[in-house]
Amino acid sequence: MVRPFPFVTAFIALIMSAAPGLRAAETVWSGLVIAENVAQPESIPLELTRIERLLKELFGYNQFQVIGQSSKTLKTGQEDWLATSKFFGLHVDARGESEAGYVLNLKLYKEKELLLETDAKLSKRSPLVIKGPQVGSGQLLLVLIVQ
Amino acid sequence: MKTFEEKWTAWLDGQLTGKELVEFEASLPDNAAAKLEKLEAKKLGALLKRELGAHAIANEEFFSHQLRERIARENVEPFREQAAQVSTWWTIRRLFWTGTASLALFLVFAVFVMREKNPAEQSRYLSQILNARVDPVVSPNATISMFEAKGDRVTVLWTEGLQSLPADYAAK
């Protein structure tokens, strides 16, 4: 008689090893940032320190100022929120959580005008940076970081 | 002090002697009948000894008996061995094939799981841009590209040609 017990055990062990772990509630920081070159640059905001070197090398600016921001703790992965400045608005709509991170729909508004829309998966360990329109001598950047 | 029955048994066996024998025979109510009974008992004893005594086996019979027992044992043991072989499914060949099949199954699952996991592992580290679009009316010459700065684990959506705005829009 064939004994299926070892096979069943091995199968269950494999399935369990492949199962994803439970994710705790995480906070997503989203910011509207103006990057520009100035003679006396201010220190970079705390939220951006982990990507300071990349921002400076990639965009070539020496100052990064947050003009609008929002911190949202995601519990269900279905929340939505808005980070606004005087003229810009970044609407973030979380559309679920996956093994890879949060699925987000991002919309950048200039007042009521939609400038840019994107769908992205935001990973906990990987910030997302979006280059926006030129503003004066500087550049609008959108930054999303899972804290 | 012996009971009458004990003395009677001893008397039948001829084990009473001397004064005890004289006293016992004197106590018998019918000495003649008792002696007749003793004689009958002796006859019966002799008969039983003769008919039921152990039958001594001669040398030939003894060896013949040993031989028969050994043949009987040898006839039984092969059946036992055969029965033992039949009762287990795990022959060497089956063990080998079962082991090989299990290993193959494990490898298939391992490859399957690793394939499934690799993209997820990669995307755990890096955010991904799934799609992006700009309003073609507002920014008709806009282009979009995306890349990952893997050293810093940052994903960048790079736009060019978006409508430029005056410095006033940098207000908080």
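Values computed for the structure shown
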read-out	value
Qualifying residue in the stretch B:30-37 (condition: more than 28 Å from the chain's Cα centre (by Cα), in a loop (DSSP other than H, G, I, E, B) and modelled with pLDDT of 85 or more)	yes
Residue that is surrounded by fewer than 19 Cβ atoms within 10 Å (Cβ to Cβ), in a strand (DSSP E or B) and more than 8 Å from chain B (Cβ to nearest Cβ), where the choices are A:L82, A:L114	A:L82
Test: residue in the stretch A:99-108 that is in contact (Cβ under 8 Å) with a residue 12 or more places away in the chain, outside any strand (DSSP E or B) and either within 12 Å of chain B (Cβ to nearest Cβ) or of a type in the set (K, R) (or both)	yes
Qualifying residue in the stretch B:65-84 (condition: modelled with pLDDT of 80 or more and among the acidic types (D, E))	yes
Flag if B:V113 is surrounded by 12 or more Cβ atoms within 10 Å (Cβ to Cβ) and either at pLDDT 85 or above or within 8 Å of chain A (Cβ to nearest Cβ) (or both)	yes
Residue check for A:V143: in a strand (DSSP E or B) and at the interface with chain B (Cβ under 7 Å from one of its Cβ atoms)	no
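The values are calculated or read from the model by the stated rules, or taken from the named source; none is laboratory data. In this text the structure is predicted, and so the values were computed from the model without any measurement. Cβ sites come from the backbone with ideal geometry, for glycine too, and all protein chains shown count toward neighbours.
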